[in-house]
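Quick notes on the structure that follows.
The values are calculated or read from the model by the stated rules, or taken from the named source; none is laboratory data. As the structure is a prediction and not an experimental result, all values here were calculated from the model. Note that we place each Cβ from the backbone using ideal geometry, even for glycine, and neighbour counts take in every protein chain shown. For the accessible areas, the whole protein counts, side chains as well, though only heavy atoms, and no ligand, DNA or RNA atoms are used. Shrake-Rupley method; radii C 1.70, N 1.55, O 1.52, S 1.80 Å.
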Amino acid sequence: MFKVTASAADQVHQAARQGGTEGLSLRLAAQQNPDGSIDYRMGFDDATEDDIRMNCDGVDVVMAPEYVPLLDDATMDFVEIEPGQFHFIFINPKDANYSPPTAG
C-alpha cells in the first residue's frame with residue numbers, strides 16, 4: 001500500500017493552497033529505468049474513472065493502474081536534504097537505489 005508521511009501530507013496541502021489547486025487529487029506516476037531505478041512524477045489533477053484512488057494521511061492520491069506495481073510499497077516523504085533545502089522523496093524497496101534505513 002502506498003503511504004504519505006505526515007510531513008509530506010502537510011506540504012502537499014500547503015502547495016495546493018498556494019497553487020490554487022485545492023480540491024484536486026495528487027496524481028502520481030512512476031517509470032522504471034533500465035538500471036532498475038525509478039523516476040517519479042506528481043502533480044495536481046482530476047481523477048478519472050479508471051484511476052486507482054486512495055486517501056493517504058488526508059491526501060487524495062490517484063494513479064493510473066499501470067503505476068500501481070511500482071508504487072504500492074512506496075512511501076512519499078518531505079525531508080530536509082541539506083540545511084534549508086526540503087524535497088519530496090520516495091522510499092521504495094522496488095527501486096534499485098533503495099537502501100533500508102539503519103537504526104542509529
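See the values below:
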quantity: Residue match in the range 6-16 (condition: free of Cβ contacts under 8 Å to residues at least 40 places away in the same chain and either under 13 Å from the mean Cα position of the chain (by Cα) or open to solvent by 30 Å² or more (accessible area, probe 1.4 Å) (or both)); calculated: yes
quantity: Enumeration of residues in the range 17-51 that are in contact (Cβ under 8 Å) with a residue 40 or more places away in the chain and over 17 Å from GLU66 (Cβ atoms); calculated: ASP35, GLY36, SER37
quantity: Residue within the range 76-94 that is at pLDDT below 95, of a type in the set (A, V, I, L, M) and open to solvent by 90 Å² or more (accessible area, probe 1.4 Å) present; calculated: yes
quantity: Residue that is surrounded by the most Cβ atoms within 10 Å (Cβ to Cβ) [pool: residues in the range 17-37 that are within 12 Å of the chain's Cα centre (by Cα) and hydrophobic (A, V, I, L, M, F, W, C)]; calculated: LEU28
quantity: Residue in the range 52-67 that is within 13 Å of the chain's Cα centre (by Cα), open to solvent by 50 Å² or more (accessible area, probe 1.4 Å), of a type in the set (Asp, Glu) and more than 15 Å from PHE2 (Cα to Cα) present; calculated: no
